[in-house]
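The values are calculated or read from the model by the stated rules, or taken from the named source; none is laboratory data. All figures in this text were calculated on a predicted structure; none of them were measured in a lab. For neighbour counting, all protein chains shown are included, and Cβ atoms are generated from backbone atoms with ideal geometry for every residue, glycine included. SASA here: full protein model, heavy atoms, side chains in, ligands and nucleic acids out. Shrake-Rupley method; radii C 1.70, N 1.55, O 1.52, S 1.80 Å.
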Amino acid sequence: MKLSIIIPAYNEENSILEILDRVKKAKLDNITKEIIVIDDFSTDNTKKILSELKDSSIKIFFHQQNQGKGAAIRTGLKHATGEIILIQDADLEYNPEEYPTLLKPILENQAKIVYGSRMETIKKNMSKMYKIHYFGNVLLTLMTNILYGAKITDMETGYKVFRKEVIDNISLRARRFDFEPEITAKILKKGYKIVEVPIGFAARKFEEGKKITWRDGVKALFYLLRYRFFD
């Protein structure tokens with residue numbers, strides 16, 4: 001069994017090497033890890049760091065212009081050869097030590113899609129997360145459940161895991177942070193069930209590199225509505 005780990009990166013010079021080290025050290029029994037990094041035309045030292053990385057176990061691709069997280073993930077999907085796909089942000093908000101928890105429902109044939117839900121962790125550490133991000137996610141998740149008849153708690157989570165066959169049957173257009181609502185909408189429209197597992201979450205501030213804003217939340221709501229009625 002092979003797990004393709006797709007890591008979109010943009011201006012993550014302070015965390016890129018550490019997250020790669022954590023991903024490589026994540027313990028998985030009888031699973032081969034395929035690590036795919038896509039630099040989305042970073043303007044800091046991320047590109048330089050990746051260019052100088054001498055590690056044949058990591059596949060690295062460089063965008064020639066900034067296209068957004070969704071476009072970077074799509075580039076990664078084109079090169080993924082594993083039976084299972086996992087999205088890993090290049091910051092340190094999500095911990096690769098949780099891979100076994102995320103993969104368990106898929107490996108036990110209980111699910112084809114798993115989302116890591118941050119909600120319990122966030123509720124216990126509300127002071128560490130922007131309130132607008134929390135309530136925005138609650139609203140977007142509520143709209144997802146209403147529009148698509150789902151029962152999930154964290155639509156915007158960065159930890160999404162899929163059987164590759166699920167992704168192969170979906171046409172993605174996302175270029176930026178619209179990846180989360182688009183992939184969620186389209187897999188639910190196809191009748192797939194999303195299984196959630198609780199995960200930890202180390203929220204970061206804008207000065208630490210946080211990029212998503214309230215504008216992205218408004219766009220996410222638009223895409224949830226759009227994909228409910230159009231492909």
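Quick notes on this one:
- Cβ-Cβ distance of Glu83 and Lys189, R₀ of 25 Å, FRET efficiency by 1/(1 + (r/R0)^6): the value works out to about 0.60.
- Pairs over the 20 Å Cα-Cα cut-off, from the set Lys47/Lys69; Lys59/Lys164; Lys27/Lys160; Lys33/Lys186: Lys33/Lys186.
- Stretching Val218 away from Phe61 to a fully extended chain increases their span by 53.5 nm, per 0.36 nm per residue minus the current alpha-carbon distance.
- Carbon plus sulfur fraction of accessible area for the range 1-104, probe 1.4 Å, in percent: 46 percent
- Filtered trypsin sites (Lys or Arg not before Pro), the range 42-81: DSSP coil and at most 12 other beta carbons within 10 Å: Lys54
- Of the listed residues Val195, Val161, the order by accessible area with a 1.4 Å probe, largest first, is Val195, Val161.
- Solvent-accessible surface of the range 1-126, averaged per residue with a 1.4 angstrom probe and all protein chains in place: 47 square angstrom.
- Simple spin-label estimate for Ser51 and Arg173 in nanometres, 7 Å along Cα-Cβ: 3.5 nm
- Segment Tyr134-Asn109, length gained on full extension (0.36 nm per residue, minus Cα span): 5.8 nm
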